[in-house]
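The values are calculated or read from the model by the stated rules, or taken from the named source; none is laboratory data. Treat the numbers as computed from the prediction; the structure is a model and nothing was measured. Note: ideal-geometry Cβ built from the backbone for every residue, glycine included; neighbour counts use all protein chains shown.
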Amino acid sequence: MGKRLYPLQNASLLLKRLKGDPVRNSDFLYRVFVSRGKFDIYSTKEMGAAMAVQAKQRHLIFWGNWDDVVIPQSLLPEKDFFVSSSPPGAVLLMGKSREITGEWPCWHFLAPESYGPGSWDRIGPIKLEEVPFISKHWALSDDPEREMMSRVRKFDSACIRVRGRPIAWCGLHYEIEGVGNMGFAHTLDRHRRKGYAALVTKALVNRLAARGNRATVHVIKDNLASIALCESMGFEVIGELTWASFGKRTAPCDK
């Protein structure tokens, strides 16, 4: 018999534990405790693992060590659902009882604290009127324009233009105390291999550093070009996180 999950009675205790390492725990912190989503939270007794469930949205996110943990089927949405930014062990455990219909394993990278002063510090943010064009180049979203517009309104970004048109950009998915998570980076094909991706990255890392925050990024493991860029810029891998979609039940998870 493995470790059981229980409804979390005192979220402040888990929150305190998460804030002990905000960089590694930032996704769970932001999605569950900062964004407007309503989650039901369950954890093991010692709070070594936690699961947050949005039943209506059929959305789950996991945190912690999922070795020898039991997930009762009664806590899960009956139909298909999506798991975001979760430890691979939790996704592997779910796969024993549910059909995995899509899986996106990522490296969790941490950027250097700062790149020092340079021309990148003069790069401005994405303009709202540029979002309809820029969002067409973001494949990892079901509603890219709406989601990117929300991010650009709320959080920082960096954009390089040629003749007034965006050619390379990067933005933040979120920023909380201690950390900002970068994403939706892109350079138009005809402008690649000119160092623009590095420039917008340095711009965001430095602006986060000025606010006392570190920069992280999730890179899908088969995106070799982005991995090479991160490594060349001094990023370090601090973990692994997986996004996955699940379908019908194939077997009970707690037997």
Open item on the list: Any residue at all in the range 51-59 that's surrounded by fewer than 20 Cβ atoms within 10 Å (Cβ to Cβ), over 24 Å from residue 102 (Cα atoms) and among the small types (Gly, Ala, Ser)?
Closed with: no
Open item on the list: I'd like the full set of residues that are of a type in the set (A, V, I, L, M, F, W, C), surrounded by 14 or more Cβ atoms within 10 Å (Cβ to Cβ) and farther than 21 Å from residue 61 by Cα, limited to the range 216-243.
Closed with: 227, 229, 230, 233, 235
Task: Close pairs (6 angstrom Cβ cut-off, 6 or more residues apart or separate chains): in a strand (DSSP E or B) in the range 30-48, among the β-branched types (Val, Ile, Thr) anywhere - done: 40/53
Task: Residues being in contact (Cβ under 8 Å) with a residue 60 or more places away in the chain, touching a Gly at 6+ places or on another chain (Cβ under 9 Å) and of a type in the set (Phe, Trp, Tyr) - total across the range 110-146 - done: 1
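A quick yes/no check of all residues on (1) at pLDDT 95 or above; (2) not assigned by TED's automatic domain parsing to the domain that holds residue 43:
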{"residue": "83", "(1), (2)": "yes, no"}
{"residue": "86", "(1), (2)": "yes, no"}
{"residue": "90", "(1), (2)": "yes, no"}
{"residue": "98", "(1), (2)": "no, no"}
{"residue": "116", "(1), (2)": "yes, yes"}
{"residue": "127", "(1), (2)": "yes, yes"}
{"residue": "133", "(1), (2)": "yes, yes"}
{"residue": "155", "(1), (2)": "yes, yes"}
TODO: Could you list all residues from the range 95-151 that are over 21 Å from the mean Cα position of the chain (by Cα), of a type outside the set (Phe, Trp, Tyr) and not in a loop (DSSP other than H, G, I, E, B)?
DONE: 98, 99, 119, 121, 122, 128, 129, 130, 132
Task: Residue among 197, 203, 168 that is part of a helix (DSSP H, G or I), touching a helix residue (DSSP H, G or I) at 6+ places or on another chain (Cβ under 9 Å), free of Cβ contacts under 8 Å to residues at least 60 places away in the same chain and surrounded by 21 or more Cβ atoms within 10 Å (Cβ to Cβ) - done: 197
Task: Pick from the range 33-42, criterion farther than 17 Å from residue 71 by Cβ and either in contact with a His (Cβ under 8 Å, 6 or more places away or on another chain) or not hydroxyl-bearing (Ser, Thr, Tyr) (or both), ranking: surrounded by the most Cβ atoms within 10 Å (Cβ to Cβ) - done: 33
Open item on the list: Give me the residue from the range 1-29 that is among the aliphatic types (A, V, I, L, M) and in a helix (DSSP H, G or I) and, out of that set, farthest from residue 70 (Cα to Cα).
Closed with: 23
- [ ] With the checklist (1) among the aliphatic types (A, V, I, L, M); (2) without any contact (Cβ under 8 Å) to a residue 24 or more places away in the chain; (3) over 24 Å from residue 155 (Cβ atoms) in hand, flag the one item residue 15 doesn't pass.
- [x] (3)
- [ ] Filter the range 97-120 for residues that are out of contact with any Lys or Arg (no Cβ under 8 Å at 6 or more places or on another chain) and of a type in the set (D, E, K, R) and give the result.
- [x] 103
